[in-house]
Structures are given as C-alpha cells and as structure tokens.
Amino acid sequence: MSDSRTNVAAAPDADAAGAVASAVAAAPFVRIFGHADGDSLAACGLLAVACRDRSIPFRVHIAADPAGEATAAGDPDDSRTVVVTRGHNTPSPDLEVPTANVSQPVSVAAAAISRELGVEPDPVLALAGVIAAGETLGDAGSDGLLAAAETADLIARRPGVAVPTTDLAADLAHSTRLDAPFSGDVDATSELCADLGVPTDADSAVDAGTRTQLASAVAVATATAASAGPQAADSVEASLRPYATPTAPFATLGGYADVLSVLAREAPGMVVSLALGSSAANSEAVTIWREHAAATHAALDDPVSGRYEGVYLLRVEADRPAVVPTVARLTRRFRSPEPVALIVSEPIDGRRHVGLNATDPQGLAAAAATVAAEFDGRSGGTPTQATLAVDSGVEDSALIAAIREALTDD
C-alpha cells in the first residue's frame, strides 16, 4: 500500500490539484471511492472522464463510507486510491479530494484535477455537482466553471422551475428539490399547470411569462404549506429561475442536480455512464428518479414528528432504505425548525434506517459512527449528512436517545 497522501486545498488550488493529478497520471490503475451524494458523484464522473481521456485504467466505487471502504480494500499492485467526499473522519489510504476540513464542493476540486491532467472538465456536470452540494452557483470556487459554461453557451438562465425534463407536470410532482402540497401528486400538478395555461404536451414551448407565473405559484404553495418551516421560502428560491442546459442530459442544472442526488443512492454507475457520454441512460435515469421521488414524498405524507433542542425528528414509513437520506434532506430544507433533521424509519428488511441532515457541519458522520458502534450497526456520511442502519430489534426510542447524546458529545 502506498503511504503517500495528497490533499486538495479549500479553493481550486493549482498546486494541490497538480499534485493529485501527477499521482493519478503515473498510476497503473486508479480506484475512485466516492460518497453517495450528488456532489461526490459528479466529481467521480469528472475524474472518470479525465482518466479515460488520459488512457488511465480506473474503477469507480460509491459508498456511504468511501474512506472506510478504501482503507479496508487496501492499495494493491501500486494502484492509487482517490477518496472523493466532502469531509470524513476515517484516514484515507492515499489521495483525498478534497481535504476533510474544507467547504468546497468536491466537484469543483475534481474539475481542477481534471484540468491539471490536461482534460477540460465538463462545466455543466461540475455545476450540477455544486448545486447538489447545496451551494450557490458562482460561490465556493465555482465562478470559473460558471463563466466557462456561460461563455460556451452551455447554460442560459430563464424564468421557471428547475426540473430535469420538459414534462413540467410530472417533474413538479416528483422533484426532490421541492416539498409542497402537490409533491408526489401528478394530478395536482397537472391541475396547477392547466390553471396557468402550461401546455401538457412535453414537447410544447412554454413562454417566459407562463414560466414566471408557474414559478410564483410553486413558491407560494411551498412557502405556505402546513408543514413548511421558516426556511421554506428561502429554500424554494434555489429551484427558481433555473439555468437551462440545451446540450446536457437533463433540461436544467437544478434538474440535473436532482437526478444526480437520487442516482447516488439508487444507481450511481449510471452517472458515470452519462459522464462518459452514454445517452442511452437518460430515460432510465429519469424513471429511477421519479420512482425514488414518489417513494420519498409518500414517506413524508404522514410522519410522526418530534422536536428536541437542536434536533427535529420525523418517524416515517419508507419502502426502501435509499429514500431515507432524501427525506432527511427535504425535511432539513423545508420543514425543520432545528439545525439537524433526524429521520428514523420503521424497519425495512430487518433493519431500522436513519438519515441525518444539517445546514452547517455538525459532526453527523462522527455521531452516526458512535451510535453504529454502540448498536453493532453500519454508518457513513459527512459532517452535514449521514446514514445509519441498525437491527430492527433496536427500539426507536433508544436509538433516538443515543443519536441525540452522540450529537451533544460531538
């Protein structure tokens, strides 16, 4: 196993990115371990394209605990291991993108590494990763990528709502960037579109005025929902006035980010295929996104809530573990009056699943790891999002108490 270690700094640092690029370029084989979130997945796609174009053999692994899995796997045959995650607690065996302490999206760092490898990164994929990371375009080191995409006419801002396809009714109902009364209900969004004169034919053009009216209606419905927290009005703004992406796999940057975030949990290999230019995956990706979104909004339909100091709890019923972190993300963005959203599922296939999400770094991965050790479970995540699974025999009350204690200790 290589004992070298190279870190990418907080901004697109050419020296740090160059050091990682040099190590990757000299490797006979590169193993890329990414966290299961949209930002990391975009970064993995960018690095995969760079390796392909430089004829460097590679393999991509996506996991809840990429650093832990990379450490367990070792570094055989002088290959190099690149761990792609936005902060972690397990020492990685080789190369990190970026360091554990930075706030920069890993998609921005990966784009810098790609450029150092002599491969111009796809700015649209990188910017979708920035949005998936919860950052504002142009901030967190993404200004160069935004300028490059605009100069090349790869993106254009317009009125409306950020969705991945031109089927507005279906996409509004399935968006996991919105939590509104119509979420999960295609009949309701179809009625909303009909009332505003939005064409139901997905191939029909929608004029700017109609898009503006639709965005206003979505914003009002989201901010005034019975379940909405005080942050809902600000959160919905991130999905309005999207950047259209005429040459990308999906219709807008925000829609692209939405699909990335879902595929990270459901089918991460598909994003790598999309990044490598496979258009055949587009339709399947949208289908997976809609199925995941429907399950997410169903879980949010009738939760049991609880509020503690610093933590907002929802007990939910979900049909698959993959939706629990998405429920946590939506809860934190639109409902939670506390800085941490905690989602606890009813048992699924003999396991009780937990999702944690926070606006700012709260040591969530460390807290989840502490509880996992206590209950012989499995965990993974970053300082702002984490997952945990324990045996269904663990009472939810005991689990919740242990999580709250771990968060306080952190």
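A few notes on this one:
- Pairing residues of the range 340-353 that are in the same structural domain as ALA368 (by TED's automatic domain parsing) with residues that are among the polar types (S, T, N, Q) and assigned to a strand (DSSP E or B), at Cβ distances under 6 Å and at least 6 apart in sequence or on separate chains, gives ALA341/ASN357; HIS353/SER345.
- Note on the range 130-167: residues that are surrounded by 14 or more Cβ atoms within 10 Å (Cβ to Cβ) and among the polar types (S, T, N, Q) total 3.
- Looking across ALA19, ALA67, one residue alone is surrounded by fewer than 24 Cβ atoms within 10 Å (Cβ to Cβ) and either under 24 Å from the mean Cα position of the chain (by Cα) or modelled with pLDDT under 90 (or both). It is ALA19.
- For the range 177-196, the set of residues classified as surrounded by fewer than 22 Cβ atoms within 10 Å (Cβ to Cβ) and not hydrophobic (A, V, I, L, M, F, W, C) consists of PRO181, GLY184, ASP185, ASP187, SER190, GLU191, ASP195, listed by residue number.
- Hits in the range 170-188 (condition: closer than 23 Å to GLY134 by Cα and of a type in the set (Gly, Ala, Ser)): ALA173, SER175, ALA180, SER183, GLY184
- Failed item in (1) surrounded by fewer than 21 Cβ atoms within 10 Å (Cβ to Cβ); (2) at negative phi; (3) in the same structural domain as ASP179 (by TED's automatic domain parsing), with GLY277 passing the rest: (2)
- Wholly within the range 318-410, helices (runs of 4 or more DSSP H) carrying at least 2 residues that are acidic (Asp, Glu): 396-409
The values are calculated or read from the model by the stated rules, or taken from the named source; none is laboratory data. Here the structure is a predicted model, which is why all the values come from computation and not from measurement. Positions of Cβ are generated from backbone atoms using ideal geometry, with glycine treated the same way; all protein chains shown enter the neighbour counts.
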